[in-house]
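Inspection log for the structure reproduced underneath, given as structure tokens.
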Ligand code: HEM
């Protein structure tokens, strides 16, 4: 496969054979991204972990090294900064995302899940993505942040253009969706400033307005990141996991019979069809060596999380789904200082979602052959466009 083929829909349909081939050729290779940027792609597990913890691979390139020209209102968040800014920004919201705090959301997440499954039960055939996998995380992140859930259809469209990137959305639509989302967030903050509540948005506004710990651009960027990261990813965990279970019925039956296997199953979904296919880009601030290659200052490095998660050097029978895999150090949530802040939330949402889906619809089945399913274009995320099922 040539470099340009990263944009090929056939690659999105089944990238695993290509990654497997690439890993045999070395843990890191040169690729050309669909938008014409040359980059290094790390495909091997060990080097993926190294890259994700190397402080010389920066998330905050400035000046000529910067390769993303997005507006300051959305690129001043923790995933676009290095320490000490990263440390400060992450600390401001870390307390809201600890396993304990997230656990307190359980009853509400269960209620939302029950409501969505009730609606699903009224139909003979539904798109599980539209009816369940998308609305669940969106509703949860909206309530956590304190954003009116009625607005979700607007920002769902904008955010989906943004994560798909310019090669899928087109430069013009991408710009206009970014503009619309920024204007939406700014309007939201203005309205909330008048009457603060006990939601995360109010908490962040209070921090912003009471001192110098958060600039206005950092505030809008934080809301932008939480909103996008909070709902563009968990949808794929629920969608990809359901696909993995239903495309091999024995898995569904086994999990239905023994729910103690669920936590291990969710880790396997994260490993085998990682919802985030590649890390966001890093830029080398110095010359360095990685996976036997010389990286030069200014080079862009991407980490292939999906590929690393199937590296046979790290995982026994890497392509097999094993509910009881004894040790599963996948990098589906990343690694190092940018390790996913929302991991406890994503795991809780997925646990509740699968537990209730299995109980409520024991005979759930695909309404189309698995080979007819279409994977969303774009390199950052891995997920299905839709998943037709018979409840
Ligand atoms: C299954 C669902 C999810 C997956 C697979 C996932 C995956 C990831 C990955 C791979 C990264 C690191 C990216 C990189 O280093 O380039 C990341 C970072 C992040 N994720 Fe998630 N995520 C998920 C859900 C969530 C949720 C629900 C939230 C909640 C708001 C969230 C918030 C974040 C934030 C804020 C960061 C940046 C952390 C930092 O820079 O320190 N994620 N996520």
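The values are calculated or read from the model by the stated rules, or taken from the named source; none is laboratory data. Keep in mind it's a predicted model, so treat the numbers as computed, not measured. All Cβ positions, glycine included, derive from the backbone under ideal geometry; neighbour counts span all protein chains shown.
Modelled with pLDDT of 95 or more and part of a helix (DSSP H, G or I) - does that describe any residue in region 28-44? For region 28-44, residues modelled with pLDDT of 95 or more and part of a helix (DSSP H, G or I): absent. The sole residue among 23, 49 that is at pLDDT 95 or above and more than 20 Å from residue 81 (Cα to Cα) is 23. Out of curiosity, is residue 144 within 27 Å of residue 367 (Cβ to Cβ) and outside any loop (DSSP other than H, G, I, E, B)? Taking the combined requirement at face value, the residue does not satisfy it.
For every residue, the table says whether it meets (1) free of Cβ contacts under 8 Å to residues at least 60 places away in the same chain; (2) farther than 30 Å from residue 111 by Cα; (3) more than 23 Å from the chain's Cα centre (by Cα).
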site: 283; (1), (2), (3): no, yes, no
site: 299; (1), (2), (3): no, yes, yes
site: 305; (1), (2), (3): no, yes, no
site: 316; (1), (2), (3): yes, yes, yes
site: 335; (1), (2), (3): no, yes, no
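Restricted to strands (runs of 3 or more DSSP E) entirely inside region 239-349, those with at least 1 residues that are modelled with pLDDT of 95 or more, away from the ligand (no atom under 16 Å from the Cβ) and more than 28 Å from residue 98 (Cβ to Cβ) are 288-290, 293-295. With respect to being loosely packed, with under 11 Cβ neighbours inside 10 Å, in contact (Cβ under 8 Å) with a residue 24 or more places away in the chain and either in contact with a strand residue (DSSP E or B) (Cβ under 7 Å, 6 or more places away or on another chain) or under 20 Å from residue 238 (Cα atoms) (or both), residue 118 falls outside the description.
Residues of region 1-20 being modelled with pLDDT under 75 and surrounded by fewer than 18 Cβ atoms within 10 Å (Cβ to Cβ), which ones?
If the condition is that a residue be modelled with pLDDT under 75 and surrounded by fewer than 18 Cβ atoms within 10 Å (Cβ to Cβ), then 1, 2, 3, 4, 5, 7, 8, 9, 10 are the ones that fit.
Looking at this structure, is residue 362 surrounded by fewer than 15 Cβ atoms within 10 Å (Cβ to Cβ), modelled with pLDDT of 95 or more, assigned to a loop (DSSP other than H, G, I, E, B) and within 16 Å of the ligand (Cβ to nearest atom)? No. Hey, could you check region 147-177 for residues that are assigned to a loop (DSSP other than H, G, I, E, B) and at pLDDT below 85 and say which is nearest to the ligand (Cβ to nearest atom)? Ranking the qualifying residues of region 147-177, first place goes to 165.
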